[in-house]
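Okay, structure first, notes after.
The values are calculated or read from the model by the stated rules, or taken from the named source; none is laboratory data. Predicted, not measured: the structure shown is a model, and the values here were computed from it. Backbone-built Cβ (ideal geometry, glycine too); neighbour counts: all protein chains shown. When the accessible area is computed, the model is the full protein with side chains, heavy atoms only, and any ligands, DNA or RNA have been set aside. Shrake-Rupley method; radii C 1.70, N 1.55, O 1.52, S 1.80 Å.
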Amino acid sequence: MTTLTLTGVTGKLGGMTAKIISDAGIKTRHLARSPEKAPRRKNSEIFESSYDKSEKTIEALKGTDILFMVSASENPNRVQQHKDFIDAAKIAGVKHIVYTSFYNASKKSVFTLGRDHYETEEYIKDNGFIYTFVRDNFYIDFFVDLCLHYNEIKGPAEKGKVSAVLRQDIAEVIAEILKSPEKWKNQTLNMTGPQELTMDEITETVAKYTGKNIKYINETVEEAYKSRKVWEAEKWEYDSWVSTYMAIAQGEQSGLSDDIERVLGRKPTSLSEYLKQKI
């Protein structure tokens, strides 16, 4: 019998995926750094584990055939944490890793965190795992939350387009992959919404559905760094926040994929459809 192990179950995407899998009646093992914070779901056991290669993590992974690996929380040591966890998975005998990566990840990604994802993908492949990489574009829900919270989006995206995707759609895709992992062996799937949208188009659409005055402010790179100084953060965090919009301006986040439809048999959810559900 195949043993399926899930990480990230206390987070948004991992939690959504875990719920879908649990509701489908599939038995799983859930890993969590703080097990007491992990939701108790039917058909699942919870094991304590971090993104490291400690004996505790290796033991938690032993017997796993398919590992769903959500990328670690953003931090300057994330790539090393990923590598340590992948090392632990190899020692434990894991066969197949399903990893949440990033759209157009490469060693030269404008979006700084895209480079982390590329390095992680390469490490998984170099270590001989069967892999499935689910490359998420920026989330529709992230941009909508910015609009609702601040009544604006601001950043140096210029007129660039992003094929933003709904997080729930990605969770459903991952669940389908985990149900039939053989079908998706050694594949990279690109998660995009059904439209390429500018920041102006996103804010105008949210304004239309909410009745609020929501605008896009096209900052220069220098203005973007300055405006984000209202939040105390480290340099790598400022770089990641600003490069989100720089990547859009340079076309890295445009382009449409049919991979969601290929997996789910339906079109991905559009911004307007999501707003109809939410507002």
Next on the checklist: Rolling a 1.4 Å sphere over the protein heavy atoms, what is the accessible area per residue of the range 152-242, to the nearest Å²?
Outcome noted: 50 Å²
Checklist entry - Anyone know which of 47, 102, 142 comes out most mobile in the 10 Å Cα GNM of the chain? => result 142
Next on the checklist: Once each part is reduced to its C-alpha centroid, what is the distance from the range 175-189 to the range 40-78 in angstrom?
Outcome noted: 19 Å
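Send over the per residue convex hull volume for the chain, Cα only, as a whole number of Å³.
With only Cα atoms used, the chain gives 130 Å³ per residue.
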Next on the checklist: Can you give the FRET efficiency to the nearest 0.05 for residue 227 and residue 201, using r as the Cβ-Cβ distance and R₀ = 25 Å?
Outcome noted: 0.70
Item to check | Pairwise Cα inverse-distance average, inverted: Kirkwood Rh of the range 1-103 (Å) | outcome: 13.5 Å
Checklist outcome for this item: When all Cα-Cα pair distances of the range 15-62 are considered, the percent exceeding 12 Å is 60 percent
Item to check | Cβ-defined net charge surrounding residue 195, 11 Å radius [Lys, Arg +1; Asp, Glu -1] | outcome: -1
Checklist entry - Using all Cα-Cα distances in the range 171-279, what percent lands in each 10 angstrom bin from 0 up to the longest? => result 12, 30, 32, 22, 5
Checklist entry - In terms of modelled amide H atoms, which long-range or inter-chain residues lie less than 5 Å from the amide H of residue 153? => result 215, 216, 217
Checklist entry - Do you know the relative contact order of the range 1-74, to the nearest whole percent, from alpha carbon pairs under 8 angstrom that are 6+ apart? => result 38 percent
Next on the checklist: Relative contact order for the chain: what percent, with Cα pairs under 8 Å and sequence separation of 6 or more?
Outcome noted: 18 percent
Next on the checklist: What is the percent carbon and sulfur in the accessible area of the range 140-279, measuring with a 1.4 Å probe over the protein chains and ignoring ligands?
Outcome noted: 46 percent
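If a helix is a whole DSSP H run, which ones in the chain reach 30 Å or further along their own axis (Cα) and hold a mean Kyte-Doolittle hydropathy of at least 0.5?
Sorted by number, there is nothing, because no helix extends far enough and scores high enough.
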Item to check | For residue 214, net neighbour charge (Lys/Arg +1, Asp/Glu -1) across residues whose Cβ lies under 11 Å away | outcome: 0
Next on the checklist: Can you bin every Cα-Cα distance in the range 95-206 into 10 Å intervals starting at zero and give me the percent of pairs per bin, rounded to whole numbers?
Outcome noted: 14, 38, 32, 14, 2
Checklist entry - Radius of gyration and Dmax for the range 142-196's Cα atoms, expressed in Å? => result 15.4, 45
Checklist outcome for this item: From the Cα centre of the range 102-124 to that of the range 241-264, the distance in Å is 13 Å
Checklist entry - Among 223, 234, 204, which one moves the most in a GNM of the chain with springs linking Cα atoms closer than 10 Å? => result 234
Checklist outcome for this item: Percent antiparallel among DSSP beta bridges confined to the chain, rounded to 5, stands at 5 percent
Checklist entry - According to a simple spin-label model (label point 7 Å from Cα along Cα-to-Cβ), what is the distance in nm between residue 266 and residue 215? => result 3.8 nm
